[in-house]
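Accompanying notes for the structure given below.
The values are calculated or read from the model by the stated rules, or taken from the named source; none is laboratory data. This is a predicted model, so every value here is computed, not measured. Please note: Cβ atoms are built from the backbone with ideal geometry, for glycine as well, and neighbour counts cover all protein chains shown. To get the accessible areas, we keep the full protein, side chains included, count just its heavy atoms, and leave off ligands, DNA and RNA. Shrake-Rupley method; radii C 1.70, N 1.55, O 1.52, S 1.80 Å.
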Amino acid sequence: MNERENILGRIREALKVRANRPRPPGSDLELPQPPAAGARRWLPPVGDTFKQWVELFARNAADLKAEFHLVSSSEEMRQALVQLRDAEGWKRAACHSGLLPDAICPALGIPMLKTDKSYDVQILEACDVGITECDALIAQTGSVMLSSRRAGGRALSVLPPHHVVLARRDQLVPDLPTAFEMLKSDYANNFPSMISFITGPSRTGDIERSLVIGAQGPKKLTVLCV
C-alpha cells in the first residue's frame, strides 16, 4: 500500500463514525469548558515561591537567548535602559503611553516615537528599539505574554530590531494556566484584538534547517522587571 492509499484509507475509516448534528442558532448549547488547572498535571513543575519563579524565568530566558534583569527600583530600571542605549548606540526609540514607559523612557534622552498617536510605519521600523509593557511573564516557558492594549498596538513589539519589555513583579506568574486565568480576569468578554506569547527573540529554522535569529521580528529581547 502506497502513501496515497494509506491516507485515503484513514479518511474512509474516519467517515464511518457519524458526527453529532449541530444545534440550530439560539439553542441552549453549553460547550464543555476544560479547567485550566487540570493541565498542570502534564506541565513541567514550576515551584511554589516567587524566588523559584524568578530563577526559572531567568533560566528559560537565557536558554532562549533573551536577557532578563530583575531590578529593585524604577531608578535602577532607568539606569539599565540607559546602559542598553549606550552599549548599542540607540539614536531613536519607540514606546507607548503607560505607567512604566511614562516613568522610564524619558531617561533615554533620544527622539521617541509614540504609537498611541498616528505614526509612520517606516519610521517605527527605523527605530533602534521598541519598548512595551506586557500582560504577564510566564516562568514555566520564559515567555512574555502581551496584548495589543498593553503593548501599544500590534507593531511596536515586532518591527524594531530590539524589543525591550518593562514589567512589574506582580506580573510574573508561575505557569500557562495562571496566565490564561489572568487574561480571563482582566478582559472578561472584551478581549484585545491581539494576544501574543513571545518566547525569545524571533527565530526560524525553515532555511536549510539552520537557526536564524531575527528573520521575522526582533533580533533581541530584553526583559526588565521591577
**Message:** Looking at the structure I just gave you, is VAL165 open to solvent by less than 10 Å² (accessible area, probe 1.4 Å) and either within 10 Å of the chain's Cα centre (by Cα) or of a type outside the set (Lys, Arg) (or both)?
**Reply:** yes
**Message:** Just to be sure I understand the filter: pairs with C-beta atoms under 9 Å, separated by 6 or more residues or on different chains, first member in segment 158-184 and touching a residue at least 60 places away in the same chain (Cβ under 8 Å) and over 20 Å from GLY217 (Cβ atoms), second member of a type in the set (Ser, Thr, Tyr) and open to solvent by less than 40 Å² (accessible area, probe 1.4 Å). Which pairs pass?
**Reply:** LEU176/SER143
**Message:** Let me spell it out: the conditions are (1) closer than 20 Å to HIS96 by Cα; (2) within 12 Å of the chain's Cα centre (by Cα), and SER202 meets all of them except one. Which number is the exception?
**Reply:** (1)
**Message:** Please verify whether GLU133 is surrounded by fewer than 22 Cβ atoms within 10 Å (Cβ to Cβ) and farther than 13 Å from ALA66 by Cβ, treating the condition exactly as stated.
**Reply:** no
**Request:** State all residues of segment 45-86 that are part of a loop (DSSP other than H, G, I, E, B) and open to solvent by 80 Å² or more (accessible area, probe 1.4 Å); if no residue qualifies, say none.
**Result:** PRO45, ASP48, LYS65, SER72
**Message:** Tally up the residues in segment 121-161 that are under 12 Å from MET194 (Cα atoms), assigned to a loop (DSSP other than H, G, I, E, B) and of a type in the set (A, V, I, L, M, F, W, C), please.
**Reply:** 2
**Item:** Those residues of segment 192-215 which are closer than 14 Å to ARG154 by Cα and either part of a loop (DSSP other than H, G, I, E, B) or modelled with pLDDT under 95 (or both), in sequence order
**Value:** PRO192, SER193, MET194
**Enumeration of residues in segment 188-207 that are in contact (Cβ under 8 Å) with a residue 24 or more places away in the chain, over 22 Å from ALA80 (Cβ atoms) and open to solvent by less than 20 Å² (accessible area, probe 1.4 Å)** = PRO192
